[in-house]
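Q: Would you mind keeping the following structure in view while I ask a few things?
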Amino acid sequence: MNKNSITITIKGYVTAMPRSVDARQARVAVVQDDVEYRIVPRGAGVDLDDAVSLPVEVFGQLEEEDGVSYLVVRGYTVLEDDSWLEE
């Protein structure tokens, strides 16, 4: 595990992941700019399981392991629309 985690905020859509794919049991990911951030299923990240297909703003600790980006979610907001895509 990379202990050099950083705090980031991302905006994207929640997507479901096949369970068998991920060693850390991530069930959903948030995709921003074609980058997949797998959501670690603990804390606030567990709630994102019920937000599949919704646009969200998520903040938390980014950790990278074997070239995969994981996000330990500290908090999130479901966005009203996708106007942030034009930013």
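Q: With a 1.4 Å probe and every protein chain kept in, tell me what percent of the accessible surface of the chain is carbon plus sulfur.
A: On the way: 2320 of 5150 Å².
Of the solvent-accessible surface of the chain, carbon and sulfur hold 45 percent.
Q: While we're looking at this one, here's another question. Tell me which trypsin sites (Lys or Arg not before Pro) from the range 1-56 have a DSSP coil assignment and no more than 13 other beta carbons within 10 Å of their own.
A: Details: sites: K3, K11, R19, R24, R27, R38, R42; in loops: K3, R24, R27, R42.
Those satisfying the criteria are K3, R42.
Q: Let me ask another. Excluding ligands, DNA and RNA, what is the solvent-accessible area per residue of the chain at a probe of 1.4 Å, expressed in Å²? Please list the in-between numbers first.
A: Details: 5150 Å² over 87 residues.
Each residue of the chain exposes 59 Å² on average to a 1.4 Å probe.
Q: Counting only DSSP beta bridges with both residues in the range 8-87, what percent are antiparallel, rounded to the nearest 5?
A: 90 percent
Q: A further question on this structure: If the chain between R74 and V31 were fully stretched, how many nm would it gain, using 0.36 nm times the residue separation less the Cα-Cα distance? Don't skip to the answer; put the middle values down first.
A: On the way: separation 43, 0.36 × 43 = 15.48 nm, distance 1.71 nm.
Using 0.36 nm per residue and subtracting the Cα-Cα distance, I get 13.8 nm.
Q: Could you give the spread of the C-alpha atoms of the chain along their three principal axes, from largest to smallest, in whole angstroms?
A: Sorted largest first, the three principal extents are 35, 26, 23 Å.
Q: How much net charge surrounds V73 when only the other residues with a Cβ under 10 Å from the Cβ of V73 are counted, with Lys and Arg +1 and Asp and Glu -1?
A: +1
The values are calculated or read from the model by the stated rules, or taken from the named source; none is laboratory data. From a predicted model like this one, the values you see are computed outputs, not experimental measurements. Glycine gets a Cβ as well: all are built from the backbone with ideal geometry, and neighbour counts include every protein chain shown. Heads up: the accessible areas ignore ligands, DNA and RNA and are worked out on the full protein's heavy atoms, side chains in. Shrake-Rupley method; radii C 1.70, N 1.55, O 1.52, S 1.80 Å.
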